[in-house]
C-alpha cells in the first residue's frame, strides 16, 4: 500500500493525533448526506404536488442521481 499511496516527503500523521480532523470530516459527511436527503424529499413532494410539471421530474432525477 505504501508504494502506491505513501509519500516519504510528508511527516508522520498518527491516527490518534487526527481525531478532531476525522470527527469534523465525519460531521461534514453526515450534513452533506442530510442535505441530499432533504433535496430528494423536497423534489419528491414537488412531483407529488404537481406531477404534470416536467421541471419537477427533472429536479427529482437530479436529486436522485446525487
Legend entry - Unique match (being at negative phi, in contact with a helix residue (DSSP H, G or I) (Cβ under 9 Å, 6 or more places away or on another chain) and without any contact (Cβ under 8 Å) to a residue 12 or more places away in the chain) among 15, 3: 15
Inset, instruction - Among the residues of segment 25-49, write down those that are more than 12 Å from the chain's Cα centre (by Cα) and surrounded by fewer than 11 Cβ atoms within 10 Å (Cβ to Cβ). - result: 48, 49
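We did not get these values from a lab; they are worked out from the coordinates using the rules stated. Note that the structure is a prediction, hence the values are computed from the model and not measured. Neighbour counts are summed over all protein chains in view; Cβ atoms, including those assigned to glycine, are modelled from backbone coordinates with ideal geometry.
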